[in-house]
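Q: Following this message is one structure expressed as structure tokens.
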Amino acid sequence: MNEVTKARLEAKYAKKREEYLKSHGNDGPRRGPASGGFKGKPKNAKGSIKRLFSYMKADTPKLIIVGFLVVINAGCSLAGSYVLRPVINIMASGNGTIKTLLNGIIAMAAIYGAGVIAQYMQSRIMITVSQNALFKFRNDLNKKISKLPLKYYDSNNHGDIMSRFTNDVDAVGDMLNNTIVSIISGVITLIGTIALMLYTNVWLTLVTFASAPLMVFVAQLIGKKSRKYYKEQQAALGALNGYVEETISGQKVVKVFNHEDLANDEFEFLNEQLKGKQLFAQFIGGIMGPVMGNLSQVAYSLTAMIGGVLCVARGFDVGGLTIFVNYSRQFSRPINELSMQVTSIFSALAGAERVFDVMDTEPEAEDNEDAVEIENLRGDVVLDHVTFGYTEGQTVLKDVSLYAKPGQKIALVGSTGAGKTTITNLITRFYDIDSGSVMIDGVDIRNIKRDFLRKNIAMVLQDTHLFSGTVRENIRYGRLDATDEEVIEAAKLASAHSFIMRLENGYDTVLDGDGSNLSQGQRQLLNIARAAVSKAPILILDEATSSVDTRTEKHIEHGMDRLMKDRTTLVIAHRLSTVRNANAIIVLEHGQVIERGSHEELLEMKGRYYELYTGKKELD
């Protein structure tokens, strides 16, 4: 990579890195869809903890048992060490025998054995409790996501939403499985250790306490540095992963423009950036254990030395010194573990907050109390002086009025951004209008039950989407109670039956992710068949044939006509030859209806439609 390329890439990613670090504050890395989900400190730790524990409320008896077992485990760990004191004292006095030693070993084995059993039982029970909580947690998140308005998905990164389902929920699961028990056990062990140390020798306890502030200070210092470098590492990792994702998904574009070398250079640059950040982050993070271990060793040596002096000068027993030295080691271990767990807790709670952010998002408005279901819905669609904008202050539709009589085919044409798709979003109530009204069979759609409304509207979109499963299941997605015969009939109507029968297993052929083992045209035919099987009286075709070649389009034209028969159909099309037989063509520009009429009428007007159709003015 030459210096010019390197300088260009450095300038390109410097701003991205600055924005990343600014958005993630000074609290360390934060998880995201590209970086793998690292998070910083939570904003409302107390509230998040309270909400998380509400998911474990049903298992309160099990939690009480876990707490009891944690106390037993910690108590056995402490008591097992203390058993050494009388054994060592007896053996040191010369009065001990092999039997004395064996009795001491048996007593220690029994105590530690009880601790192991308690730890095993606590782990099994806590895993059950945490998984029950996560089951409810994920269910609540999934139910809420299904109730969120389309606006939420349009305004939020899909990868970030999925990250909340995976990375953030997993972080919460790790905390519930391990961290909570570790903290409780560490606190009990620390308190018990201090109590036994004071009971054994007050002076040596003060010596041990003197080293604690230094250890805490060093841990905080290293932790602060570690968070800084990990944050920079995650920024570099996020940039690299994001670049890999967009390069793989855009591989055709890379190859068609011969930019393989450029892609390699950019990857090499980002990889080098990540390596440099990781060296610092991993080094600083890795020295925590050795540094704290050495400090513990210094405190241990100092305690042993002063303890030896006390044994000689003050008659302190050798058994007491032995167990105290052991406790001095145990004293530093919970402190180290607790300091390490704080990061995990902050990460998990920040992840929980991200999930709760989704759960607290305003769902789609509930149906009005007097919302109705229209018996024998005919499909009489009317937009009356509709004004709408996706964001405040930016109007997309301006006082739009149009109508579609039952069974009519109405085409919407116009430049990109004219408001064609927006009209369909309003008819399906994916968005609610700002003013005016949208009516079906004379009833304002805000007074129609939302589920009923959408059940009576079938859509075929420009972007095809198929689910993992068989061809039959994907067609039946349009109406789950459709029989096999109805599925086949719908496929024939959409001219999809012939290619389906040529597949290896016909209608039982399992589709890969989003139907990647089919051509784009075949995927669209299945989407059309899905709309056909729904038998909805209103049909919306949003550039439905744009992904189909001209020959295939001609082949399915008759099937499309049959699909639209006796249905009110709204067709959005840039290919104007496909809408010549529409009952009415509505021309939109800048969110306003400027022309309406049949193909022949609009050509005679020699207005915008004439310009578009004859090519005298290109469609934007």
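So that you can scan it fast, the table gives a plain yes or no per residue for (1) at pLDDT 80 or above; (2) within 31 Å of the chain's Cα centre (by Cα); (3) open to solvent by 40 Å² or more (accessible area, probe 1.4 Å); (4) over 30 Å from Trp203 (Cβ atoms):
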| site | (1), (2), (3), (4) |
| --- | --- |
| Ile306 | yes, no, yes, no |
| Gly320 | yes, no, no, no |
| Ala365 | yes, yes, yes, yes |
| Val372 | yes, no, yes, yes |
| Glu375 | yes, no, yes, yes |
| Thr395 | yes, no, yes, yes |
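Q: Now for a separate question. Kindly establish whether Leu518 is farther than 24 Å from Ile423 by Cα, open to solvent by 60 Å² or more (accessible area, probe 1.4 Å) and in a loop (DSSP other than H, G, I, E, B). Spell out how you get there, then give the answer.
A: Details: farther than 24 Å from Ile423 by Cα: yes; open to solvent by 60 Å² or more (accessible area, probe 1.4 Å): no; in a loop (DSSP other than H, G, I, E, B): yes.
Criteria not met by Leu518.
Q: Also: Just the residues that are at pLDDT below 75 and open to solvent by 30 Å² or more (accessible area, probe 1.4 Å), please, taken from the range 41-56.
A: Residues of the range 41-56 that are at pLDDT below 75, as a first pass: 41-45.
Residues satisfying the conditions are Lys41, Lys43, Asn44, Ala45.
Q: Open to solvent by less than 10 Å² (accessible area, probe 1.4 Å), farther than 30 Å from Asp170 by Cα and either part of a loop (DSSP other than H, G, I, E, B) or free of Cβ contacts under 8 Å to residues at least 60 places away in the same chain (or both): does that describe Val413?
A: Spelling it out, it is not the case that Val413 is open to solvent by less than 10 Å² (accessible area, probe 1.4 Å), farther than 30 Å from Asp170 by Cα and either part of a loop (DSSP other than H, G, I, E, B) or free of Cβ contacts under 8 Å to residues at least 60 places away in the same chain (or both).
Q: While we're here: Given (1) out of contact with any Phe, Trp or Tyr (no Cβ under 8 Å at 6 or more places or on another chain); (2) over 22 Å from Leu63 (Cα atoms); (3) at pLDDT 85 or above, identify the lone condition not met by Leu196.
A: (1)
Q: Leu279: open to solvent by less than 50 Å² (accessible area, probe 1.4 Å) and under 24 Å from Ser226 (Cα atoms), yes or no?
A: Considered against the rule, which asks whether it is open to solvent by less than 50 Å² (accessible area, probe 1.4 Å) and under 24 Å from Ser226 (Cα atoms), Leu279 comes out as no.
Q: Give me the pairs: first residue in the range 271-299 and at pLDDT 75 or above, second residue among the charged types (D, E, K, R), beta-carbon distance under 6 Å, and six or more apart or on different chains, which are they?
A: Filtered contacts from the range 271-299: Lys277/Glu232; Ile284/Lys225.
Q: In addition: Hey, any hits in the range 155-167 for a residue that's in a helix (DSSP H, G or I), among the β-branched types (Val, Ile, Thr) and open to solvent by 60 Å² or more (accessible area, probe 1.4 Å)? Reasoning before the result, please.
A: Taking the range 155-167 and keeping what is in a helix (DSSP H, G or I), we get 155, 158-167.
Right, trim to among the β-branched types (Val, Ile, Thr) and you get 161, 166.
In the following step, the residues that additionally are open to solvent by 60 Å² or more (accessible area, probe 1.4 Å) were identified as 166.
Yes, the range 155-167 has at least one match.
Q: Among the residues of the range 564-599 satisfying the criterion of being open to solvent by less than 60 Å² (accessible area, probe 1.4 Å) and part of a loop (DSSP other than H, G, I, E, B), which is nearest to Asn376 (Cα to Cα)?
A: Filtering first and then ranking leaves Arg567.
Q: Within the range 310-318, identify whether any single residue is of a type in the set (Gly, Ala, Ser) and touching a helix residue (DSSP H, G or I) at 6+ places or on another chain (Cβ under 9 Å), and answer yes or no.
A: Looking for residues that are of a type in the set (Gly, Ala, Ser) and touching a helix residue (DSSP H, G or I) at 6+ places or on another chain (Cβ under 9 Å), one finds none in the range 310-318, hence no.
Q: Which of the residues spanning the range 465-498 are closer than 10 Å to Arg530 by Cβ, open to solvent by 30 Å² or more (accessible area, probe 1.4 Å) and in a helix (DSSP H, G or I)?
A: Within the range 465-498, Arg476 is the sole residue that qualifies.
Q: Go through the range 93-149 and count every residue that is touching a helix residue (DSSP H, G or I) at 6+ places or on another chain (Cβ under 7 Å) and either on the phi > 0 side of the Ramachandran plot or without any contact (Cβ under 8 Å) to a residue 40 or more places away in the chain (or both).
A: The number of residues fulfilling the criteria is 8.
A quick yes/no check of all residues on (1) aromatic (Phe, Trp, Tyr); (2) under 31 Å from the mean Cα position of the chain (by Cα); (3) open to solvent by 30 Å² or more (accessible area, probe 1.4 Å):
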position	(1), (2), (3)
Val187	no, no, yes
Leu204	no, no, no
Lys228	no, yes, yes
Glu232	no, yes, yes
Thr247	no, yes, no
Lys252	no, yes, yes
Phe257	yes, no, yes
Leu262	no, no, yes
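Q: Given the criterion touching a Gly at 6+ places or on another chain (Cβ under 7 Å) and either within 28 Å of Ser54 (Cα to Cα) or modelled with pLDDT of 85 or more (or both), identify the matching residue among Ser146, Ser123, Ser130.
A: From the options Ser146, Ser123, Ser130, the qualifying one is Ser130.
Q: Of everything in the range 139-154 that's basic (Lys, Arg) and open to solvent by 70 Å² or more (accessible area, probe 1.4 Å), which residue is nearest to the chain's Cα centre (by Cα)? Lay out the reasoning, then the answer.
A: Here is the first cut: in the range 139-154, the ones basic (Lys, Arg) are 143-144, 147, 151.
Among the residues that remain, those that are also open to solvent by 70 Å² or more (accessible area, probe 1.4 Å) are: 143, 147, 151.
Details: Lys143: 14, Lys147: 16, Lys151: 17 Å.
Taking the candidates together, the pick is Lys143.
Q: Please state which of the following conditions Leu206 fails to meet, knowing it meets all the rest: (1) in contact with a helix residue (DSSP H, G or I) (Cβ under 7 Å, 6 or more places away or on another chain); (2) modelled with pLDDT of 80 or more; (3) farther than 24 Å from Phe346 by Cα.
A: (1)
Q: Being farther than 30 Å from Lys62 by Cβ and either small (Gly, Ala, Ser) or not in a helix (DSSP H, G or I) (or both) is the filter; apply it to the range 95-122 and report the residue that is least open to solvent (accessible area, probe 1.4 Å).
A: Per the stated criteria, the residue is Gly104.
Q: Let me ask another. Suppose we filter Ile345, Ile374 for residues that are touching a residue at least 40 places away in the same chain (Cβ under 8 Å), in contact with a helix residue (DSSP H, G or I) (Cβ under 9 Å, 6 or more places away or on another chain) and in a loop (DSSP other than H, G, I, E, B); which single one remains?
A: On the way: Ile345 fails: in a loop (DSSP other than H, G, I, E, B).
Going through Ile345, Ile374 in turn, just one is touching a residue at least 40 places away in the same chain (Cβ under 8 Å), in contact with a helix residue (DSSP H, G or I) (Cβ under 9 Å, 6 or more places away or on another chain) and in a loop (DSSP other than H, G, I, E, B): Ile374.
Q: Now for a separate question. Among (1) assigned to a helix (DSSP H, G or I); (2) modelled with pLDDT of 80 or more; (3) buried (at least 16 other Cβ atoms within 10 Å of the Cβ), which single condition is Met340 missing?
A: Every condition holds for Met340 apart from (2).
One line per residue, one yes/no per condition, for (1) open to solvent by 10 Å² or more (accessible area, probe 1.4 Å); (2) assigned to a loop (DSSP other than H, G, I, E, B):
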| position | (1), (2) |
| --- | --- |
| Thr424 | no, no |
| Ile433 | yes, yes |
| Gly436 | yes, no |
| Phe452 | yes, no |
| Tyr507 | yes, no |
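The values are calculated or read from the model by the stated rules, or taken from the named source; none is laboratory data. Since the model is a prediction, treat every value here as computed from it, not as a measurement. FYI the Cβ positions are ideal-geometry reconstructions off the backbone, even for glycines, and counts take in every protein chain you see. SASA here: full protein model, heavy atoms, side chains in, ligands and nucleic acids out. Shrake-Rupley method; radii C 1.70, N 1.55, O 1.52, S 1.80 Å.
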